[in-house]
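Enquirer: I'd like to ask some things about the structure below.
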Amino acid sequence: MKIINGVRIMNKFNILAFTICLFLTGNVYSAQHEVKMLSSHDGQMMVFEPPVINIQPGDTVRWLNANPGHNTASIDSMIPSNAKGWNGKMNEEIVVKFTEQGVYGYKCTPHYILGMVGLVIVGSSDSNFEKVKVLAEEEQSKFATNKNRFSEYFSLVK
């Protein structure tokens, strides 16, 4: 570091090192969470475990293929307005990074009619909680089984 007229001046190497440190520490506080895709768990059929997960913006969720025959896909009408949806392939483990705050409803596409759904809450749920809850209650009325699953899950949202 040079001192010119009493002011410390960083050389190019110090600036580069400082920039790299900032970049590397930018993701220090993000976390990866895991959700299992299951055919049965604790006496319930067609479930995600955990069914409701609270994370922070910048965190990721990894859906684990614990049992064959499942996927995870966002329910596009049940995500924050600026958020990106996702659509995993059958039997695929995927990782999704969440940047927008709000409630994200998701499903297993082939088992949606059986109520295989879940919620990801990113930061505050305030932005779209009521809208997604109304849509979820409409959707669950169409389920062949687990007709109150979304209602049960929304009761867990803090």
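Enquirer: Based on the Cβ-Cβ distance from Asn91 to Gln32, what FRET efficiency comes out when R0 is 22 Å, to the nearest 0.05? Mind showing how you got there, number by number?
Expert: Working: r = 20 Å, r/R0 = 0.92.
With R0 = 22 Å, the Cβ-Cβ based efficiency is 0.60.
Enquirer: Further question: Between the alpha-carbon centers of the range 117-144 and the range 45-104, tell me the distance in whole angstrom.
Expert: 13 Å
Enquirer: Right, here's the next one. Sort 76-84, 140-148 by the packing proxy (mean of other Cβ within 10 Å over each peptide's residues), most packed first. Numbers along the way, then the final one.
Expert: Details: 76-84: 15.8, 140-148: 13.7.
The packing order, highest mean first, is 76-84, 140-148.
Enquirer: Taking other Cβ within 10 Å of each residue's Cβ, how do Tyr104, Tyr112 sort, fewest first?
Expert: Tyr112, Tyr104
Enquirer: As a quick test, which of the pairs Lys36/Lys133; Lys89/Lys158; Lys107/Lys142; Lys84/Lys133; Lys36/Lys142 have an alpha carbon distance above 21 angstrom in this structure?
Expert: On the way: Lys36/Lys133 23 Å; Lys89/Lys158 31 Å; Lys107/Lys142 14 Å; Lys84/Lys133 19 Å; Lys36/Lys142 24 Å.
The answer is Lys36/Lys133; Lys89/Lys158; Lys36/Lys142.
Enquirer: With label points built 7 Å along Cα→Cβ from the Cα atoms of Ala66 and Leu156, find their separation and express it in nm.
Expert: Distance between the two pseudo-spin positions: 1.1 nm.
Enquirer: Here is a follow-up. Can you give the net charge of the other residues whose Cβ lies under 10 Å from the Cβ of Gly105, counting K and R as +1 and D and E as -1? Provide the component values of the computation, followed by the final result.
Expert: Numbers: positive: Lys107, Lys133; negative: Asp76, Glu139.
That works out to 0.
Where a number appears in this text, it was derived from the coordinates with a stated rule and is not lab data. Note that the coordinates shown come from a computational prediction; the quantities given were computed from them, not determined experimentally. FYI the Cβ positions are ideal-geometry reconstructions off the backbone, even for glycines, and counts take in every protein chain you see.
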